[in-house]
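This report refers to the structure that appears directly beneath it.
The values are calculated or read from the model by the stated rules, or taken from the named source; none is laboratory data. Computed from a prediction, not measured in an experiment: that's the story for all the values here. Note that we place each Cβ from the backbone using ideal geometry, even for glycine, and neighbour counts take in every protein chain shown.
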Amino acid sequence: MGFNKKTIEDIEVRGKRVLVRCDFNVPLKDGVITDENRLNGALPTIKYLIDNGAKVILCSHIGKDASKTLEPVSKRLSEMLNKEVVFARDEEVVGANARAAVEKMNDGDVVLLENTRCRKEETKNVEEFSKELASLADIFVNDAFGTAHRAHCSTVGVTDYVDTAVCGYLIQKELKFLGDAVNNPVRPFVAILGGAKVSDKIAVINNLLDKVDTLIIGGGMAYTFLKAQGYEIGTSLVEEDRLDYALEMIQKAKDKGVKFLLPVDHRVATEFKDVEPVVTEDQNIPAGHMGLDIGPKTEELYADAIKDAKTVVWNGPMGVFEFENFNKGTIAVAKAMADADATTVIGGGDSAAAVNILGFGDKMTHISTGGGASLEFLEGKELPGIVALNNK
């Protein structure tokens, strides 16, 4: 997907009512936001609109349904912007409170609507709710990359009922870094894929093998590739129905001249617990043991491949990084990326959480805010929330 979409800088916003779809799906504990990355990601677009005299109407979902409110977000945003963000508490999202709040707005004011998933129509992209959202605004801005792969009322439906639909800075940045990394990489281009299942990454592996110089596999999905080649994997996670596919991908890499790296040793345990690991001597895992992380020799092999890269994209941890005894492989990969003289892009989800928790976040060129959206982008899919915006 090339980037040819209009952005907020391509249009006049002064005096206009601008509906901005943000990604405020933040974790809460006792009503307090525990990770503000997504709020920080939204600030540049919101500040630009305030500074340029727009009437800024923010909307987002939080959680999977109507059980959570965006009120804590309005309070925290008010502090971050040093300016009141009026919270329009409305179970129907676009109700009397929301309309009254928008009616009162002056240029540069900010209103936040309630959780869009208070409306069941949201995720089904029902025309009626899309029209209601659009009725509040002259212009629609999508800046929620994390939901760009979903065709919902607040990401896609609303664009049918406004003349102007553009992207904000966050989406522009995501498409620049992910797009350039995947479609115009400075070589050597190394991609690292981890996580539990091969089936989650089938299309990604297939797409990346046409683009990369080296593909590194770690995490639970590695054991399916190893078993397919006849190695012993003990009680490790395996997808029996993906063994033929694993061999096909290994063959495709050979045919394309792509280096396909799999673990050469492992940290294993007899149960899924944070216990003292046993390190295997080679690729084989002894009976009664499960692989929970890559081993020290593999760390070296992977770090070596990353060291000379000019572009590195990483999606998915190397092991059970939540366990202190089994986060060593993920740390080694993060450190190798931090030390590399390369454009380093983290494709959202667990790998983004891992690099932030492990303290390498500020060493990466770009950390994507969208897990599912990043994955679909890496698969080569078009994202409906982007497609719906006006072309330049």
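Odds and ends about this structure:
- Of the residues screened, ILE50 is one that is β-branched (Val, Ile, Thr), touching a residue at least 60 places away in the same chain (Cβ under 8 Å), buried (at least 16 other Cβ atoms within 10 Å of the Cβ) and within 23 Å of ASP109 (Cβ to Cβ).
- Filtered by the rule that a residue be under 25 Å from ILE285 (Cα atoms), surrounded by fewer than 20 Cβ atoms within 10 Å (Cβ to Cβ) and of a type in the set (D, E, K, R), the range 197-226 gives LYS197, ASP200.
Here's the yes/no breakdown for (1) touching a helix residue (DSSP H, G or I) at 6+ places or on another chain (Cβ under 9 Å); (2) modelled with pLDDT of 95 or more:
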residue: TYR245; (1), (2): yes, yes
residue: VAL264; (1), (2): yes, yes
residue: VAL268; (1), (2): no, yes
residue: ILE294; (1), (2): yes, yes
residue: THR298; (1), (2): yes, yes
residue: GLU322; (1), (2): yes, no
residue: GLY329; (1), (2): yes, yes
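- Residues in the range 155-213 that are among the basic types (Lys, Arg) and within 26 Å of ILE139 (Cα to Cα): 2 in all.
- Enumeration of residues in the range 348-389 that are under 17 Å from LEU170 (Cβ atoms), buried (at least 19 other Cβ atoms within 10 Å of the Cβ) and among the polar types (S, T, N, Q): SER368, THR369, SER374
- Any hit, the range 194-203, residues being touching a Phe, Trp or Tyr at 6+ places or on another chain (Cβ under 9 Å) and either closer than 25 Å to MET364 by Cβ or at pLDDT 95 or above (or both): yes
- Qualifying positions in the range 90-121 - in contact with a helix residue (DSSP H, G or I) (Cβ under 6 Å, 6 or more places away or on another chain) and assigned to a loop (DSSP other than H, G, I, E, B): ASP90, GLU91, VAL93, VAL94, GLY108, ARG119, GLU121
This table checks each residue for (1) surrounded by fewer than 22 Cβ atoms within 10 Å (Cβ to Cβ); (2) in contact (Cβ under 8 Å) with a residue 24 or more places away in the chain; (3) assigned to a strand (DSSP E or B); (4) not acidic (Asp, Glu).
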site: THR155; (1), (2), (3), (4): no, yes, no, yes
site: GLN172; (1), (2), (3), (4): yes, yes, no, yes
site: ALA181; (1), (2), (3), (4): no, yes, no, yes
site: VAL190; (1), (2), (3), (4): no, yes, yes, yes
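- Residue selection: ASP35 satisfies the criterion of being of a type in the set (D, E, K, R), within 20 Å of the chain's Cα centre (by Cα) and over 20 Å from THR116 (Cα atoms).
- Test: VAL20 is under 30 Å from ASN183 (Cα atoms), out of contact with any Phe, Trp or Tyr (no Cβ under 7 Å at 6 or more places or on another chain) and not small (Gly, Ala, Ser): yes
- Of the helices (runs of 4 or more DSSP H) lying entirely inside the range 284-392, those carrying at least 3 residues that are in the same structural domain as LEU237 (by TED's automatic domain parsing) are 296-307, 328-339, 349-357, 371-378.
- In the set (1) without any contact (Cβ under 8 Å) to a residue 60 or more places away in the chain; (2) in contact with a Cys (Cβ under 6 Å, 6 or more places away or on another chain), GLY63 fails one condition alone, (2).
- Failed criterion for ASP265 (all others in (1) touching a residue at least 12 places away in the same chain (Cβ under 8 Å); (2) within 28 Å of ALA181 (Cβ to Cβ) hold): (2)
- Verdict on GLY95 being touching a Gly at 6+ places or on another chain (Cβ under 7 Å) and closer than 21 Å to PHE140 by Cβ: no
- Subset tally (residues that are under 21 Å from VAL158 (Cβ atoms) and either part of a strand (DSSP E or B) or of a type in the set (Ser, Thr, Tyr) (or both)) for the range 1-30: 7
- Counting only residues that are assigned to a helix (DSSP H, G or I), of a type in the set (A, V, I, L, M, F, W, C) and free of Cβ contacts under 8 Å to residues at least 40 places away in the same chain, the range 224-255 holds 5 of them.
- Just so you know, in the range 122-140 the residues that are in contact (Cβ under 8 Å) with a residue 60 or more places away in the chain and touching a helix residue (DSSP H, G or I) at 6+ places or on another chain (Cβ under 6 Å) include one that is farthest from LEU19 (Cα to Cα), and it is GLU122.
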